[in-house]
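Notes follow the structure.
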């Protein structure tokens, strides 16, 4: 099950960090379309880890905006007979935006979350190693709170990948 849990997160990391088709391409296009300045996200700011924002800020210096990709639920539904695992793996991409002013933070966060959903929309289908993404996702926007560079806001883009091995 450990391998199953990491396949979807690793694939999403690859999609986000891809040079020509990754999240920075989507961010650049959204910045042009909306006229909002959106800094690109360096590959070092896209992390495969489930860590709360407050702990991440204390443990190491974090540069914002940042993305955290992780698997938060694995369900073996045994939908296919004679398989060790056939079920769903829920993966989350957390987008974190921080700045010194509260003005405009939510607008930036929505655009970064939109870039993540564009990556998902472009990658329907077989992800290899028994993973298949049929589409669909949930986006949950948290309230602005203190943290990061004075204020931080987080959006969680969660999606399920069908898995069979």
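Quick note: the coordinates plus some simple rules give every number you see, no bench work behind them. Since this is a predicted model, take the numbers as computed values, not measurements. Positions of Cβ are generated from backbone atoms using ideal geometry, with glycine treated the same way; all protein chains shown enter the neighbour counts.
Quick notes on this one:
- Sum of -39500 (n - 2.57) over DSSP H runs of 4+, divided by residues of the chain (222 nm, nearest 500): -10000 deg cm²/dmol
- Given their separation in residues at 0.36 nm each and the Cα-Cα distance between them, residue 81 and residue 126 gain 14.2 nm when the chain is fully extended.
- Ordering 81, 63, 156 from the fewest to the most neighbouring beta carbons within 10 Å gives 81, 63, 156.
- Take the Cα of residue 42, go 7 Å toward its beta carbon, and the backbone nitrogen atoms of region 49-89 under 15 Å from that spot belong to 60-67.
- Between 0 and 90°, nearest 10: helix 2-17 axis offset from the chain longest Cα axis: 40
- From the alpha carbon centroid of region 75-129 to that of region 133-165 is 7 Å.
- Helix 105-122 vs. the chain, principal-axis angle (Cα, 0 to 90°, nearest 10): 30
- Least to most buried among 101, 110 (fewest other Cβ within 10 Å first): 101, 110
- Value of Rg to Rh for region 76-161 (Rh from inverse mean 1/r over Cα pairs, i.e. Kirkwood): 1.14
- Taking packing as the residue-averaged number of other Cβ atoms within 10 angstrom, the listed peptides 54-60, 24-30, 117-123 run from highest to lowest as 24-30, 117-123, 54-60.
- Mean shadow area of region 21-109, taken as a quarter of the surface of its Cα convex hull (nm²): 8.4
- Computed from Cα atoms, the angle from the helix 23-34 axis to the main principal axis of the chain rounds to 50 degrees.
- Kirkwood hydrodynamic radius (C-alpha pairs) into Stokes-Einstein, the chain, 25 °C and 0.890 mPa s, D in µm²/s: 149
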